[in-house]
């Protein structure tokens, strides 16, 4: 394989996942070798534009070939050296990488067609800058990338087990009220690590607003959707997490939080440590929760009791879909967000609870079969899943 073909293959893997740490180093060093290399890299990793061009060009294979040749500029040597074999920086000729990029286009086209055809896939690591910050600006294209990126200075690291974490920077000098907003789309999730060590896992269709300056006595967060949170013990500060009109305060806890838009219920389940759940800022009524306790709240009622199962609260952060004797609507709001589907209900669904224990990468067909084995009928048409009661 020529040098150009090898770089082309690395760009392909970069776009669609699978780069090893060593391959990432090779690609990063090649990008830094010249401005022309970086320009070409940005061109070939602009996936929305690539996919649009592919769909247009598919009318004729010859057009695809001519476009590939015409779009790949020749990059001049600038005195740098290739990190692949110590030779001068690569000269890119369209014909030398055309085959590799053609494969890239075919792969991209398949992914694009999956989306257009409505094929349902489980979610993946993906997050965006909040719409209130930069409208429509996607700051994470692929969590596999291991270098600093994004409008917020986010960078990524890998844990020993291979999981990826998005690291938020501290911005000294920012006011205590300055903040940033991130969100996961339907079909996305992300683990965010804050400079003070606090960890936030966001499930699909969730939002977090976090402070720019973390080294203050009180850190203020806002969360909507579903999250799992680990707050390291620190007696010098308090973490305030706002959920609608309610507030959670803690200095040491691991807990799950669910407050989906459109669902009036707020659910807080504490695995370790303790939290204080302030109902609202007007009444100042507060509920203290210790490890092993769960609290469900809505304006009309509240319910507290022992935690039923820790896997229900944290299993999704470790790649599991796990529910034990749960209400079907409660389960389906999570699955609808993770698989990006719409759910409708028919008949009486209030008489039974259901359980699941599957991989988060299970197909939607496996999900349906698991429910059918429990006597619950479902029918999938396009991206709409109909659930039929007894």
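Quick one: is residue 151 surrounded by 15 or more Cβ atoms within 10 Å (Cβ to Cβ) and either at pLDDT 85 or above or over 23 Å from residue 269 (Cα atoms) (or both)? Judged against the criteria, residue 151 is not a match.
Yes/no per residue for (1) touching a strand residue (DSSP E or B) at 6+ places or on another chain (Cβ under 6 Å); (2) surrounded by 14 or more Cβ atoms within 10 Å (Cβ to Cβ); (3) in contact (Cβ under 8 Å) with a residue 12 or more places away in the chain; (4) in the same structural domain as residue 257 (by TED's automatic domain parsing):
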| site | (1), (2), (3), (4) |
| --- | --- |
| 288 | yes, no, yes, yes |
| 295 | yes, yes, yes, yes |
| 323 | yes, yes, yes, no |
| 335 | no, yes, yes, no |
| 343 | yes, yes, yes, no |
| 372 | no, no, no, no |
| 381 | no, no, no, no |
| 384 | yes, no, yes, no |
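Here residue 349 fulfils each of the conditions (1) assigned by TED's automatic domain parsing to the domain that holds residue 219; (2) assigned to a loop (DSSP other than H, G, I, E, B) apart from (1). Kindly evaluate residue 339 against the criterion of being in contact (Cβ under 8 Å) with a residue 12 or more places away in the chain, closer than 28 Å to residue 253 by Cβ and in contact with a helix residue (DSSP H, G or I) (Cβ under 6 Å, 6 or more places away or on another chain). No: the conditions fail for residue 339. Listed conditions (1) free of Cβ contacts under 8 Å to residues at least 12 places away in the same chain; (2) over 25 Å from the mean Cα position of the chain (by Cα) are all met by residue 366, apart from (2).
The values are calculated or read from the model by the stated rules, or taken from the named source; none is laboratory data. What you see is a predicted model, and the numbers here were worked out from it, not measured in a lab. Heads up, the Cβs are rebuilt from the backbone with ideal geometry, glycines too, and the neighbour counts pull from every protein chain shown.
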